[in-house]
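First up is the structure itself, then whatever we jot down about it.
The values are calculated or read from the model by the stated rules, or taken from the named source; none is laboratory data. Predicted model, so just to flag it, every value in this text is computed and none were measured. Virtual Cβ from ideal backbone geometry, glycine too; neighbours counted across all protein chains shown.
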Amino acid sequence: MSLVNTPVRILDLTPVQLKEFLKFLGEPVTAADRILKYIYREYVAGFDDMTDLSPTLREKLAQSAIMGVLELVEELAAVDGQTRKVLFRLADNNTVESALMFFRNSSTGRERRTVCVSSQVGCAVGCQFCATGQQGFVRNLSVGEIIQQILFFQRRFGPEMAEPKKGEKRIWVMNVVFMGMGEPLANYDNVRQAISILNSPKGMGLGFHQVTLSTAGLVTQIRQISEEKLQFQLAVSLHAANDALRNRLVPINKQYPLAQLISACKEYIGKTGRNIFIEYALFEGVNDSMQDADALIHLLSGLQCSINLILGNPVPASDFQPSSRETALAFQKKLIDSGTRTMLRVSRGADIDAGCGQLRSRRLESR
Ligand code: SF4
């Protein structure tokens, strides 16, 4: 018989909370480490596969808890083989997207595997160039729904990994970026808990450089995270260097104008000692002129940051087209000449609706 009215979602729990739950079940807390090892190192999807646990504990877990597995609706692979996009159905029939991207270091030849996760179904920020922003907000994802997106790829590809050497972690996903659907800082309680599980040596054991959270600029929450000890990198999606344009592109700017945002970024850098990434998607004739570059240099002067210029995917039913490569290179050169570390990134998987929310949009439209 179940000991709880509503099954506990095991992937929502931190290692400490899992111990408390075991205590509540009347089981030894020492089993927590084995359960976490099964989930995050052995990639099992159900309690039945945790054969090392006592039959009594497995039975109690089956009656009182759920693992929760996302249902795969659609999976697309880009022709270059470097990007995969998946659409998942959640228990309440809503859908979210995740992406897997492979990068290869040109000098070492080492492969990096990055999973881009969603934090919300839809998004309330409403950025004009974003398919998710055009869908509106539906709900926040739970901690477990965020974690499951990463575990999907771990389970899919992890078993192909060679046995790790002594002391090495058996973790297939190497980087996690919160750049999928939703504004992660608008669901910060759940995102914070998910990151703490990703950070935990008993969870995935990912460190500071392996987790990146990208925000449209929620100033109150940026100030809050300045005080916290979580291990992740912060990226701010700027996309415009003056308030009039940013009000149009990223409407949250009306609530948190640029002066407040830059001041919060400085506070974050001062308190954490960390660099910030500035994301700037280049759109033809919108924000890609040399005057825009000058305004950006002026705005960011004195801010310890690196800029990622992004050549995005065209958004169906919108006026936003990515800038040409020549324009992007000229924009990048101007920033580099001013002494700002600037990378130019090209959006992955244009052939598979890889822009944020595009796959879900297509599904919603075809319905
Ligand atoms: S770009 Fe990000 S913050 Fe803006 S609407 Fe899309 S998902 Fe939301």
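The single condition among (1) within 13 Å of the ligand (Cβ to nearest atom); (2) not in a helix (DSSP H, G or I) that M204 does not meet is (1). Scanning segment 102-128 for residues that are of a type in the set (A, V, I, L, M, F, W, C) and closer than 29 Å to R139 by Cβ gives V115, C116, V117, V121, C123, A124, V125, C127. Would you check if there is a residue in segment 276-286 being farther than 23 Å from P314 by Cβ and away from the ligand (no atom under 16 Å from the Cβ)? The answer is yes; a qualifying residue exists. Please tell me if P159 is in a loop (DSSP other than H, G, I, E, B), away from the ligand (no atom under 16 Å from the Cβ) and either assigned by TED's automatic domain parsing to the domain that holds R223 or touching a Ser or Thr at 6+ places or on another chain (Cβ under 7 Å) (or both). No: the conditions fail for P159.
The single residue among T51, T56 that is in a helix (DSSP H, G or I), of a type in the set (S, T, Y), more than 22 Å from I197 (Cβ to Cβ) and not assigned by TED's automatic domain parsing to the domain that holds L151 turns out to be T56.
So in segment 322-367, with the set limited to residues that are within 16 Å of the ligand (Cβ to nearest atom) and closer than 15 Å to Y280 by Cβ, which one is modelled with the lowest pLDDT? For segment 322-367, the residue satisfying everything is S347.
The single residue among G302, G217 that is surrounded by fewer than 16 Cβ atoms within 10 Å (Cβ to Cβ), touching a helix residue (DSSP H, G or I) at 6+ places or on another chain (Cβ under 9 Å) and assigned to a loop (DSSP other than H, G, I, E, B) turns out to be G302. Only residues that are loosely packed, with under 14 Cβ neighbours inside 10 Å and under 18 Å from S214 (Cα atoms) were counted in segment 307-344, giving 1. Pairs linking a residue in segment 114-136 that is on the phi > 0 side of the Ramachandran plot to a residue that is within 8 Å of the ligand (Cβ to nearest atom) and modelled with pLDDT under 90, with Cβ atoms under 7 Å and 6 or more positions apart or on different chains, are G122/T132; G126/G133.
Among residues of segment 235-261 that are in the same structural domain as V219 (by TED's automatic domain parsing), those with a beta-carbon under 7 Å from a residue that is away from the ligand (no atom under 16 Å from the Cβ) and part of a loop (DSSP other than H, G, I, E, B) at least six positions away or on a different chain give the pairs D243/P257.
Scan segment 108-149 for residues that are touching a strand residue (DSSP E or B) at 6+ places or on another chain (Cβ under 7 Å), part of a loop (DSSP other than H, G, I, E, B) and within 16 Å of the ligand (Cβ to nearest atom) and the total you get is 10. Can you spot a residue in segment 30-40 that is touching a residue at least 60 places away in the same chain (Cβ under 8 Å), under 23 Å from V86 (Cα atoms) and of a type outside the set (A, V, I, L, M)? Yes: segment 30-40 contains one or more residues that are touching a residue at least 60 places away in the same chain (Cβ under 8 Å), under 23 Å from V86 (Cα atoms) and of a type outside the set (A, V, I, L, M). When G270 is tested against (1) farther than 28 Å from R192 by Cβ; (2) out of contact with any Phe, Trp or Tyr (no Cβ under 8 Å at 6 or more places or on another chain); (3) more than 14 Å from the ligand (Cβ to nearest atom), only condition (1) is not met.
I'd like to check something: does segment 185-197 contain any residue that is within 16 Å of the ligand (Cβ to nearest atom), outside any helix (DSSP H, G or I) and crowded, with 19+ Cβ neighbours inside 10 Å? No, segment 185-197 contains no residue that is within 16 Å of the ligand (Cβ to nearest atom), outside any helix (DSSP H, G or I) and crowded, with 19+ Cβ neighbours inside 10 Å. Being within 16 Å of the ligand (Cβ to nearest atom) and either under 23 Å from the mean Cα position of the chain (by Cα) or surrounded by 15 or more Cβ atoms within 10 Å (Cβ to Cβ) (or both) is not true of N105. Among the listed residues R156, R139, identify the single one that is of a type outside the set (S, T, Y) and within 21 Å of V191 (Cα to Cα). That would be R139, the only listed residue that is of a type outside the set (S, T, Y) and within 21 Å of V191 (Cα to Cα). When G26 is tested against (1) assigned to a loop (DSSP other than H, G, I, E, B); (2) in contact with a helix residue (DSSP H, G or I) (Cβ under 7 Å, 6 or more places away or on another chain); (3) of a type outside the set (V, I, T), just one condition goes unmet, and that condition is (2).
Candidates are the residues of segment 231-247 that are of a type outside the set (D, E) and more than 16 Å from the ligand (Cβ to nearest atom); the one that is surrounded by the most Cβ atoms within 10 Å (Cβ to Cβ) is F232. Here segment 207-216 is the region considered, the condition is being within 16 Å of the ligand (Cβ to nearest atom) and either without any contact (Cβ under 8 Å) to a residue 12 or more places away in the chain or closer than 13 Å to Q233 by Cα (or both), and the residue that is farthest from the chain's Cα centre (by Cα) is T215.
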